[in-house]
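Chemist: There's a structure below that I have some questions on.
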Amino acid sequence: DFGRHLFRVSVESVEPEITYSLHDLGLTGIGDDILEDEKLVSVEGSLFVIGADSAGAGTRTFKSASGEAPFTEITGSSPASRKIYNLKAAGKYIFLTGGMNANNGSMNDIWRFDTESEEWAQVPFSLVGDFRKAITQLIDGKLVIANPIIDGNITHPAFTINNPEAVSVSEIIISYIDIPVT
């Protein structure tokens, strides 16, 4: 039953050792039978749970404006269902990149969720390379997305989203980069 609850971990003390407390913030309102591979993302004080619909019908998005349970579902257009996808926030936006389809193939699309308008928009760009297990970091205002799997290559396949906070997804600038293996 705890899988349907939201918890907050707080540091109680640091001396003589670090101790924590666990606070049950209540039921999420999200049944554990409707989502798979869900992830929790925080943007400007709101919490978002994003996951694959368990029936394979697409990506589902839930929001808690207060940062506490319960969450409400945001409906509308959304990315196709996938496993092992990657999420990263930049400003008021959440980016979804990569992942695996039902046949374990690499997904080659990029989506951006506007947390204010609560709408998903597909970035007009197709990934080249295997981004089934992509990782993303925000570095100097750019999102850097890379595949950590090497497969004998001397570089990691990677790209940057140079202006993740562009007003329109059609204005987003993406550049491929090589990250040397060290």
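The values are calculated or read from the model by the stated rules, or taken from the named source; none is laboratory data. Please read all numbers here as calculations on a predicted model, not as lab measurements. Every residue, glycine among them, receives a Cβ derived from its backbone with ideal geometry; neighbour counts consider all protein chains shown. SASA here: full protein model, heavy atoms, side chains in, ligands and nucleic acids out. Shrake-Rupley method; radii C 1.70, N 1.55, O 1.52, S 1.80 Å.
Chemist: Can you give the extra length, in nm with one decimal, that the chain gains between E15 and S175 once fully stretched, where that is 0.36 nm per residue apart less the Cα-Cα distance?
Modeler: Numbers: separation 160, 0.36 × 160 = 57.60 nm, distance 4.73 nm.
Contour length minus Cα-Cα distance gives 52.9 nm.
Chemist: May I have the pair-distance distribution P(r) for the range 21-76, computed from all Cα-Cα distances with 5 Å bins from 0 and rounded to whole percent?
Modeler: 4, 20, 29, 25, 14, 5, 1, 0
Chemist: Related question: Would you mind calculating the relative contact order of the range 51-182 from Cα pairs under 8 angstrom and at least 6 residues apart, reporting the percent as a whole number? Can you show the working numbers first?
Modeler: Details: 284 pairs, mean separation 20.9, N = 132.
In percent, rounded to a whole number, it is 16.
Chemist: Using a Gaussian network model of the chain with C-alpha springs under 10 Å, which one of T19, T136, T115 is most mobile by mean-square fluctuation?
Modeler: Result for the chain, Cα springs under 10 Å: T19 fluctuates most.
Chemist: Let me ask you something else. From the C-alpha coordinates alone, can you work out the Kirkwood hydrodynamic radius of the range 90-137, in Å?
Modeler: Working: mean 1/r = 0.0868 Å⁻¹.
About 11.5 Å, per the Kirkwood formula over Cα pairs.
Chemist: Show me, bin by bin at 5 Å from 0, the whole-percent P(r) of the range 1-123 based on Cα pairs.
Modeler: 2, 10, 20, 21, 18, 13, 8, 5, 3, 1, 0
Chemist: Here's another thing I want to ask about it. So how strong a dipole does the range 61-123 carry about its Cα centre when Lys and Arg Cβ are +1 and Asp and Glu Cβ are -1, to the nearest 20 debye? Mind dumping the intermediate values first?
Modeler: Numbers: 6 positive and 7 negative charges, 60 e Å.
I would put it at about 280 debye.
Chemist: Give me the number: length gained by fully extending V167 to S126, i.e. 0.36 nm times residue separation minus the C-alpha to C-alpha distance, one decimal in nm. Kindly include the intermediate steps, with their values, before the conclusion.
Modeler: Values: separation 41, 0.36 × 41 = 14.76 nm, distance 1.96 nm.
Between V167 and S126, full extension yields an extra 12.8 nm.
Chemist: Between A134 and residues 5 or more places away or on another chain, which pairs have amide H atoms under 5 Å apart, with H built 1.01 Å from N, and which residues are they?
Modeler: G99
Chemist: Compute a Gaussian network model of the chain, connecting alpha carbons closer than 10 Å, and tell me which residue from A69, A80, A55 fluctuates the most.
Modeler: Residue with maximal mean-square fluctuation among A69, A80, A55: A55.
Chemist: Now for a different question. What residue among V123, V43, V11 has the largest mean-square fluctuation in a Gaussian network model of the chain, using Cα springs under 10 Å?
Modeler: Answer for the Gaussian network model of the chain: V11.
Chemist: Would you please give the residues with an amide H less than 5 Å from that of I177, counting only those at least 5 places away or on a separate chain, with H modeled from the backbone geometry?
Modeler: Result for I177 returns A158, F159, T160.
Chemist: Given the peptides 92-98, 105-111, arrange them by the average over their residues of other C-beta atoms within 10 Å, most packed first.
Modeler: Numbers: 92-98: 22.1, 105-111: 19.1.
Descending mean neighbour count gives 92-98, 105-111.
Chemist: I'd like the carbon and sulfur percentage of the solvent accessible area for the chain, probe radius 1.4 Å, heavy atoms only, ligands and nucleic acids excluded. List each step's numbers first, then the result.
Modeler: Values: 5080 of 9950 Å².
Answer for the chain is 51 percent, counting heavy atoms of protein chains only.
Chemist: Karplus couplings for the range 111-121 from phi (6.51 cos²θ - 1.76 cosθ + 1.60, θ = phi - 60°), rounded to Hz, Gly and Pro as x?
Modeler: 10, 10, 9, 8, 6, 8, 7, 6, 10, 8, 9
Chemist: A further question on this structure: Please list the non-local residues whose amide H lies under 5 Å from the amide H of N163, H modeled 1.01 Å from N, same-chain partners needing a gap of 5 or more.
Modeler: Residues meeting the amide H criterion: I173.
Chemist: A follow-up question, please. Around E165, with a cut-off of 14 angstrom between Cβ atoms, what is the net charge of the other residues, counting Lys and Arg +1 and Asp and Glu -1?
Modeler: Working: positive: K88, K92, R112, K142; negative: E44, D114, E116, D140, E171.
Neighbour charge sum, excluding E165 itself: -1.
Chemist: Could you give each residue of the range 14-28 its phi-based ³J(HN,Hα) in whole Hz, using Karplus coefficients 6.51, -1.76, 1.60 with θ = phi - 60°, and x for Gly or Pro?
Modeler: So the J values, rounded to whole Hz, are 10, 10, x, 9, 6, 10, 10, 10, 10, 10, 7, 8, x, 5, 6.
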